[in-house]
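Structure first, commentary second.
Values in this text are rule-based calculations from the coordinates and carry no lab data. Note that the structure is a prediction, hence the values are computed from the model and not measured. Backbone-built Cβ (ideal geometry, glycine too); neighbour counts: all protein chains shown.
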Amino acid sequence: MYINGMASIAAQTEEDLFAENLQSFSENIFPATSVNYKEYIKPMMLRRMSKTIKMGLVTAKRALNEAGVDVPDSIIVGTGEGCKQDTEKFLENILDENESFLTPTAFIQSTHNTVGGQIALDLKCTGYNMTYTQNSASFESALIDAKLQFTEEMGTRCVLVGGVDEIARISTPFYNLDGQLKAGEINTAKILQSSSEGTITSEGAAFFLLSEIRTQDSFAEISDCMIYRNISEEKLQEEISWFLKKNDLKIDELDVVILGNNGDTRYDHYYQQLQEDLFKNTLQLGYKNWVGDYNTVTAYACWLGAEILKRKEIPQQLKLNNLPLKQPTSILVYNQYLGKNHSLTLLRSL
Amino acid sequence: MSRSVAVTGMGIFSAIGKNLEENHRSLIHGKHGLSYPEILETVHQNLPIGEIKSTNSDLADALNLDKNHAFTRAALLGTIALKEALQNAKIEDFINIGFVNGNSVGGMDMTERFYREYESNPANRRFIQAQHPGFTTEQIAGYFGIDNYVTTISTACSSAANAVMLGARLIQSGRLDQVIVGGTDCLSRFTLNGFNSLMIYSEDFPKPFDSERKGLNLGEAAAYLVLESADFAKNKEVLGYVSGYGNANDAFHQTASSENGEGAYLAMQKALETANLNPHHIDYINAHGTATQNNDLSESRALIRIFKEMPAFSSTKSFTGHTLAAAGAIEAVFSLLAIKHQQIYPNLNFNSAISDTRLRPVTELKSTKIQHVLSNSFGFGGNCTSLIFSKDE
């Protein structure tokens, strides 16, 4: 699958990422950078939209613009937690008003497929429209669907695929209560060296316009993707080797691995074991200390990988080890959250 | 179609029965499952719902769950239905099986109960993550030890139909040989109040396709199909084939359907194309038929656009209520039962046709030859899906 266009919104800007100017936060929940949504969405519409719809719609449109595509054949979205803000709003109304005097606006925008539906509505796209919500494997589920589409004889030429998740005022801080987030003083830049449980979270969106055939706009390729709900560390090593082999890559031919270390001492061993063993001679990058961990943060990781392949440049602040810099041609993204929903995604240069 | 997709097992739990046999018996005896809330704690005691009259602790006991389990009601219903599907398909080894679950409100039943208590009551905090559909899928997959390809589709009321479609595609592409597909959703105050605030919730029992229809009634259910490639299904009883599918977007409005049912029309057209069938091959249509003014008129118009001669059709939501993300799965089971028993289940509570479209559903149990069944499921966000199930020849 060739990437012809992409866009991302996260807690860091693209400029800061490559200018070695990434920002640190002192909270365990921090927002995505603000974007001028008005450039892409009418003010009337904008007022009714939650952040996830805004971020999703704007990144989708920017990815389409970059690829020079008006309407894709299919729209596939991954979102672990969907429209939390509208869900929260409607739920609080139910609880506060004891199930009376309710207006439906927040309810109708609360379904997990709202972003996919709103993109279709905006583009007047009547094609295939799907939404996956499998925790940290939501975006990858969408990628696997896109890959299936291109193998089917349905005439699909280009697919818009993305991942999006937002922070909500009450429901996100709940993660302080069940041990998902770090307690105490936080310096996000340093969390990968932390010796405590939990992580930090944020929000974001990344969309890709994928094309079946290589065109003059293509700049990288998403070759393959696999998901595993549950896997042991031993089996993981075997699966990674098998996955690379299936894609005609030897482990020492892999240039970069983008790892999902999030500073949670309970689960980072999945990454650490690979860092010390299978990937000890591979350039390792980590990113969650800069953009937080959320269900579809791997869409950002794929955007990052594709951006590295496009620029042939490594953001220095993301390096987890110090190996000589090669011209990057192949990048593996590995991720899991709370030891579940593991994923492998392979990106390659053209 | 490159590889055929056989259905080798199914399981169901709905307001009209806790297994296949009970559901079938209710369908042939015209016994609906709508009642007033007893388990769901709501002020709307006047609104009929398709409620399963088992408490969460009854369901957890039936599954021998630990006292501190974190199963949502959707996970409890789903696990019971999935157990039946796996027994039915005689599957005991889960190493390479995939699982695609359709779910819309996840553990909203738990979220709405504990939202204001999480701060003060640590015991309930195990349900914090339960709000989202993936968690319910995790619980079900974890119960059976399904570890590899596991995903959740959440496209509101077409979720399970989309899960069936994805399962069929995964098998056809050769990516999987065995996959469990379907969906689960439980009743919640969130959805009941949501549809009620949209003024499309009926205070009477649902009357799909009737000129006097007053809106939908929600239900809760879970149902799953076991899909297998031809090689894997070789020595098994095949209940039917998933022969066609199509998904399209209405691209008209977040919740309402377009006047001429464009999304529905395109979905049915694609399903016929993938099945390589003409409209006249369809013997029965299990319609989406929610009994809202908007859906039934829009769906009728789309049906008329596709079918020059209208096949027999009915909406079994008059039995179960609208079970949201599970609807596509329970209606897939009813479609396959229709094929197995060569009979069409009635559309209850129908009196007079919509004057505009004049479509009359089947209102009595009818025995007839059935080779191909089309099943429709449409959801919020303009999401429209049609599936075609065909008899084993």
Please verify whether segment B:173-189 includes one or more residues that are of a type in the set (Asp, Glu) and more than 11 Å from every other protein chain (Cβ to nearest Cβ).
yes
List the number of the failed condition for A:Thr105; all other conditions in (1) over 27 Å from the mean Cα position of the chain (by Cα); (2) within 8 Å of another protein chain (Cβ to nearest Cβ); (3) closer than 20 Å to A:Glu166 by Cα hold.
(2)
What are the pairs with Cβ atoms under 9 angstrom where one residue, in segment A:128-156, is more than 9 Å from every other protein chain (Cβ to nearest Cβ) and over 11 Å from A:Gly78 (Cα atoms) and the other, located anywhere, is polar (S, T, N, Q) and part of a helix (DSSP H, G or I)? Sequence gap at least six, or different chains.
A:Thr156/A:Gln149
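Select from segment A:148-169 the residues that are among the hydrophobic types (A, V, I, L, M, F, W, C) and closer than 25 Å to A:Ser8 by Cα and list them in ascending order.
A:Leu148, A:Phe150, A:Cys158, A:Val159, A:Leu160, A:Val161, A:Val164, A:Ile167, A:Ala168 - these are the residues of segment A:148-169 that are among the hydrophobic types (A, V, I, L, M, F, W, C) and closer than 25 Å to A:Ser8 by Cα.
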Among the hydrophobic types (A, V, I, L, M, F, W, C), touching a strand residue (DSSP E or B) at 6+ places or on another chain (Cβ under 9 Å) and more than 12 Å from chain A (Cβ to nearest Cβ): is that true of B:Ala75 in this structure?
yes
Here are some residues: A:Thr79, A:Thr87. Which one is within 15 Å of the chain's Cα centre (by Cα) and of a type outside the set (A, V, I, L, M)?
A:Thr79
Which ranges mark the strands (runs of 3 or more DSSP E) fully within segment A:281-350 that have 2 or more residues being without any contact (Cβ under 8 Å) to a residue 40 or more places away in the chain and not charged (D, E, K, R)?
A:283-286
Flag if B:Ile146 is closer than 21 Å to A:Gln85 by Cβ, within 11 Å of chain A (Cβ to nearest Cβ) and more than 17 Å from the chain's Cα centre (by Cα)
no
If you go through B:Ala141, B:Ala156, B:Ala163, the only one that is of a type in the set (A, V, I, L, M, F, W, C) and more than 7 Å from chain A (Cβ to nearest Cβ) is B:Ala163
Within segment A:99-131, the residues that are touching a strand residue (DSSP E or B) at 6+ places or on another chain (Cβ under 7 Å) and of a type in the set (Val, Ile, Thr) are A:Val115, A:Ile119, A:Thr126, A:Thr131
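Regarding B:Ile12, is this residue touching a strand residue (DSSP E or B) at 6+ places or on another chain (Cβ under 7 Å) and either surrounded by fewer than 16 Cβ atoms within 10 Å (Cβ to Cβ) or in a helix (DSSP H, G or I) (or both)?
No; evaluated as a whole, the condition is false for this residue.
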Condition (residue is assigned to a loop (DSSP other than H, G, I, E, B), within 12 Å of another protein chain (Cβ to nearest Cβ) and closer than 30 Å to A:Glu212 by Cβ) applied to segment A:47-70: is it met by at least one residue?
no
